[in-house]
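Chemist: Structure incoming, see below.
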Amino acid sequence: MKKILITGGAGLVGNVLINGLKDKFEIRILDQKPMKGVDSYVGDISNLDSILPAFKNIDTVVHLAGDRRVHGDWNSILNNNITGIYNIYEASKRNDVKRVVFASSQHATGGFYDVEPWSFINKGEYEKLPDDYKPLDETCRIRPDSYYGASKSFGESLGSYYSDFYNLSTINIRIGWVISDDDPTFSPISLNLWLSHKDICQIIELSINANQDIKYDTFYATSDNHWKIWSIDKAKSVLGYKPIDGAGSIFKLRDPKKADT
């Protein structure tokens, strides 16, 4: 089995991946706290020396760690998401890792949330959508909606550099919304962005096992939701992604704090 390192493995998405992929890969995690029952390394991604040992004998790094707050303050984003992603790539290069699967985000292009007609989906104003509406694909411009979104676009750019000059394969997955209770029905935004637990496991597995001829590429990833701002056609055609789940068309407003991500 391939040996993979999941950074931020003690978090929600890390736990989902461990549970879904533990029978398919040999898993190690890197986090600021150990996790029982899993090969764990404790380190801070803003400190390169503290994380280097975790990358030894690793085939693929799945990079989740960082400040995941969309409106996180600049100093935290700088340390955890920008310095952090540099350290991930540098540690991967020094340890001859073959591929980094980077958990990017649709917030790298989230400025489109405020642009019609896509803003109608975000607001749940579906009746305003034009008949010729089409979801955005990976050819759209980088358009961050926050420091967080800008840090994700920086990570994608850095991956391109390491791919070209250090032969480190990089797959960027602009993941949607992974919800703790796996129920997306509480808002229009969640109906659009939901990426179910089964589907994130599938897209990450496909990215790990993708042909090594893929030296650098970027994909949007949500479940096969009824309302979409972001197209998942490229992930389907290139990676063979076949989402198992899909959000319906109706939301019921409830407290989003109950749907931690």
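A short reminder: the numbers here are calculations on the coordinates, not readings from a lab. Since the model is a prediction, treat every value here as computed from it, not as a measurement. Heads up, the Cβs are rebuilt from the backbone with ideal geometry, glycines too, and the neighbour counts pull from every protein chain shown.
Chemist: Say we look at the range 211-242 and pick out the residues that are over 18 Å from K198 (Cβ atoms) and without any contact (Cβ under 8 Å) to a residue 60 or more places away in the chain; which of these is surrounded by the fewest Cβ atoms within 10 Å (Cβ to Cβ)?
Modeler: Selected residue: D213.
Chemist: Take S119 and tell me if it is part of a helix (DSSP H, G or I), within 30 Å of N75 (Cα to Cα), touching a Phe, Trp or Tyr at 6+ places or on another chain (Cβ under 7 Å) and not hydrophobic (A, V, I, L, M, F, W, C).
Modeler: Here the answer is yes, as S119 does meet what is asked.
Chemist: Checking N87 against (1) within 15 Å of the chain's Cα centre (by Cα); (2) surrounded by 18 or more Cβ atoms within 10 Å (Cβ to Cβ), which single condition isn't satisfied?
Modeler: (1)
Chemist: Residues of the range 179-216 being among the β-branched types (V, I, T) and within 17 Å of K242 (Cα to Cα), which ones?
Modeler: I200, I203, I204, I208
Chemist: Given the conditions (1) closer than 14 Å to I189 by Cα; (2) among the basic types (K, R); (3) touching a strand residue (DSSP E or B) at 6+ places or on another chain (Cβ under 8 Å), and given that K123 satisfies all but one, which numbered condition is not satisfied?
Modeler: Among (1) closer than 14 Å to I189 by Cα; (2) among the basic types (K, R); (3) touching a strand residue (DSSP E or B) at 6+ places or on another chain (Cβ under 8 Å), K123 violates only (3).
Chemist: Restrict the check to the range 181-200 and report whether at least one residue is among the aromatic types (F, W, Y) and surrounded by fewer than 24 Cβ atoms within 10 Å (Cβ to Cβ).
Modeler: For the range 181-200, residues among the aromatic types (F, W, Y) and surrounded by fewer than 24 Cβ atoms within 10 Å (Cβ to Cβ): present.
Chemist: If we keep just the residues of the range 180-218 that are of a type in the set (V, I, T) and in contact with a strand residue (DSSP E or B) (Cβ under 8 Å, 6 or more places away or on another chain), which is nearest to W118 (Cα to Cα)?
Modeler: I189
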